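Throughout, read-outs are computed from the coordinates displayed, never taken from laboratory work. The structure presented is a predicted model; accordingly, all values stated were derived computationally and were not measured. Positions of Cβ are backbone-derived with ideal geometry, glycine not excepted, and every protein chain shown enters the neighbour counts.
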Amino acid sequence: MLEVKCLKLTLNGKPIINGLDLEIKEAKIHGLLGVNGAGKTSLANLIMGISYPDGGSIIFEERDITRCTISERAKMGLTLAWQEPARFEGLNIREYLRLNKNLSLSEVENYLWTVGLPPGEYLGRAVDANLSGGERKRVELASVLAMKPKVAILDEPDSGIDVVSLPHIMNGITEMSKQGSAVLLITHSEEAVKVADEVSIICAGKIINAGPPKEMCEWFKDNCQTCNHIGEPSYKGA
Amino acid sequence: MLVVKEYESLLEAYGRAGGNLDALGNKEVGNLVIHENKVLSVNEAEGIKVETQETQNGVNIHLLVEEGAKIKYPVHLCFGVLPEEGLQEIALKVEAQDNSEVNVIAHCIFPNAVDVIHKMDADIKIGDNARFSYHETHYHGESGGIKVIPKAKIKVGKRGVWESTFSLIEGSVGMLDYDFEIFGDEKSINELLVKVFGKKEDDIRIVEKIHLDGKEARGLAKSRLVLTDNARAVVRGETYGNAPFARGHVDCLEIVNGDGVIARAIPLVYVNDKQAKVTHEAAIGSVDKKQMQTLMARGLNEEEAVDVIVKGILR
């Protein structure tokens, strides 16, 4: 469904994404596991069109979208949930979720329930600084669900949130897959990728291993968690 | 006959501007309708006294909210000038007596202005433990041929509450010279909010001053401006912490979305009591990039994304 081929990004002479290949399949959750500085967010930005690569290509449903704008990609069915979602003064949650104009109010309410936010309490609240970090991330996930995307890129949806929010976030991710969206779940937590169908491990802008979640989590624990290497992949098989 | 016609014309403009026509016809709802220097309608709801005196270029108004009166429905004020040219000077004296509560909604309508001046000088006294909400919304035409000069001095008594919004986002601003100054006594709450959408050659000057004179008085001077084309704006937000445990904040946001825009913000925070605290934040800049990217990732194009952000800020 979405293929990333030999993608490259260099910033100030330093390779950030270094010939990365990745394939995301329809209605599957693909975990992308990596330590801080591995290139996870840079990859998310490239796929969504926030930034453009120096080389390689991004193919979505057999179309080369490497140079498409954010809006064009969103209209094709891609969307992104940011690690630190933006806050909007004067825009309430009902309006934020109904940016997808085809959505009924009852669907909006269902999506809020999915992420554990009672609609009666939250629909009228602004998507601003008065929401806690966990609430804001849950709203972000609900807004991605509301888009009914073909591919959802979730950049660390599990980071920096309270313990109450975490199970609701994970529920939202599995619901996304059930409604037919492919999910790229970006995280540095082995716990989070347990919901994935497949996991790739990223290091220094490259995929250095891929496979079933359980196997990859153990491999990540053994090879990456004690490795502070940022730059060239330290794993000899990379 | 002429007055009836003026009244009907103004009501029609009032309705088009989003005013509540049912409220003006309801005997239980206090209202006052003024066109140029003519008082077209007055209704005193229970607990409210309104005295008016027509002058050469406007109307002197004395609005009294009686002690202990809790006014059930919002009081509606409608001020307008329908011809292309005119001068309207409103001298407003407000006295909200102790323990009273009222919500006042004012609509100021100048849909055809080519050379119109609308001035308001207000002298407002909010009693102890009284609560007064004042929300003024302007509806202008597109010509920009209007000068709006609202000025108010507001004294808020002990544990009194003053909260006001001034909103000018429909049509061209023209020239705006807004100057509100509050003096808050002990444990009073004093809040000013101004929202303006400047376009074309609009010239906007805003002064919000809050003096926190009583112990534990609180104040917020907030402004939200969006400026496009060649609009110019200067916002002065001043808060003075003059008493122990007074807390104040100045919050100014100006979104610049045009090559010819000039925007200035001048926050002033002043404290002369060691136990008072006043803070400020002022931001001037283009539309936030991350907000734009977020909305575009939800399928909006650039123009639609700007529109959503701007409407939110000015809401």
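How big is the protein assembly as shown in terms of Cα radius of gyration and Dmax, in angstroms?
Taking only Cα atoms of the protein assembly as shown, I get Rg and Dmax of 28.6, 95 Å.
Starting from the 7 Å offset along Cα-to-Cβ, what nm value, one decimal, do you get for the label separation of A:E3 and B:D22?
The modelled label-to-label distance comes out at 6.2 nm.
For A:K137, give me every one of the aspartates and glutamates with a C-alpha distance below 14 angstrom, ignoring sequence neighbours fewer than eight places off in its own chain.
Correct list for A:K137: A:E84, A:D128, A:D155, A:E156, A:D158, A:D162.
Neighbouring Cβ atoms within 10 Å as the yardstick, rank A:D155, B:D288, A:D54 fewest first.
Least crowded to most crowded, the residues run A:D54, B:D288, A:D155.
On full extension of the chain, what length is gained from A:L11 through A:N130, given 0.36 nm per residue of separation minus the C-alpha to C-alpha distance?
Extending this stretch completely gives an extra 39.3 nm.
So how do A:M147, A:M1 line up by other beta-carbon neighbours within 10 Å, fewest first?
Listed from fewest to most nearby Cβ atoms, that is A:M1, A:M147.
Peptide A:61-71: average number of partner chain Cβ atoms within 10 Å per residue?
Shielding by partners across A:61-71 averages 2.
In region B:18-88, what trypsin sites (Lys or Arg not before Pro) fall in a loop by DSSP, with at most 14 other Cβ atoms inside 10 Å?
Counting only loop positions with at most 14 other Cβ atoms within 10 Å, the trypsin sites (Lys or Arg not before Pro) in region B:18-88 are B:K27, B:K72.
Can you compute the FRET efficiency between B:K72 and A:S106 using 1/(1 + (r/R0)^6), with r the Cβ-Cβ distance and R0 = 35 Å? Round to the nearest 0.05.
With R0 = 35 Å, the Cβ-Cβ based efficiency is 0.50.
Return the distance in nm (one decimal) between the two label points of a simple spin-label model at B:E46 and B:H62, each offset 7 Å from Cα along Cα→Cβ.
Calculated label separation equals 2.5 nm.
Would you mind working out the magnitude of the charge dipole of the protein assembly as shown relative to its Cα centre, with +1 at each Lys and Arg C-beta and -1 at each Asp and Glu C-beta, to the nearest 20 Debye?
Approximately 1140 debye in magnitude.
Based on the Cβ-Cβ distance of B:E54 and B:D177, what FRET efficiency does E = 1/(1 + (r/R0)^6) give at R0 = 30 Å, to the nearest 0.05?
Calculated value: 0.75.
Residues of region B:126-146 with backbone nitrogen within less than 20 Å of a virtual label 7 Å along the Cα-to-Cβ line of B:K153, please, listed as ranges.
It comes to B:126-128, nothing else.
So which GluC sites (Glu not before Pro) in region A:28-129 end up in coil per DSSP with only 12 or fewer other C-beta atoms within 10 Å?
For GluC sites (Glu not before Pro) across region A:28-129 that sit outside H, G, I, E and B with at most 12 neighbouring Cβ atoms in 10 Å, the list reads A:E62.
Please give, to one decimal in nm, the separation of the simple spin-label points placed at B:D115 and B:S9, each 7 Å out from Cα toward the Cβ.
Going from the B:D115 label point to the B:S9 one covers 1.8 nm.
Return the loop-located trypsin sites (Lys or Arg not before Pro) in region B:202-300 (DSSP other than H, G, I, E, B) with at most 14 other Cβ atoms within 10 Å of their own Cβ; answer none if there are none.
Those satisfying the criteria are B:K274.
Once every DSSP H run of n ≥ 4 in chain B is given -39500 (n - 2.57) and the sum is divided by its residues, what mean residue ellipticity at 222 nm do you get, rounded to the nearest 500 deg cm²/dmol?
Dividing the helical sum by the residues of chain B leaves -4000 deg cm²/dmol.
At a temperature of 4 °C and a viscosity of 1.567 mPa s, determine how fast region B:99-156 diffuses translationally according to Stokes-Einstein, using the Kirkwood radius over alpha-carbon pairs as Rh; express D in µm²/s, rounded to the nearest whole number.
The diffusion coefficient I find is 98 µm²/s.
Stretched out fully, how many nm does the piece from B:I189 to B:D307 gain, at 0.36 nm a residue minus the Cα gap?
That works out to 39.2 nm of additional length.
Work through the residues other than B:I90 whose Cβ is under 15 Å from its Cβ and net out their charges, Lys, Arg +1 and Asp, Glu -1.
Counting the neighbours of B:I90, the net charge comes to -3.
Semi-axes, largest first, in whole Å: what does sqrt of 5 times each Cα gyration tensor eigenvalue give for chain B?
Computed over chain B, the values are 30, 28, 17 Å.
Tell me, what is the FRET efficiency for B:A282 and B:D123 to the nearest 0.05, using R0 = 41 angstrom and their Cβ-Cβ distance as r?
That gives a FRET efficiency of 0.90.
So what's the net charge close to B:E6: Lys and Arg +1, Asp and Glu -1, counting the other residues with Cβ under 9 Å from its Cβ?
So the surrounding residues net to 0.
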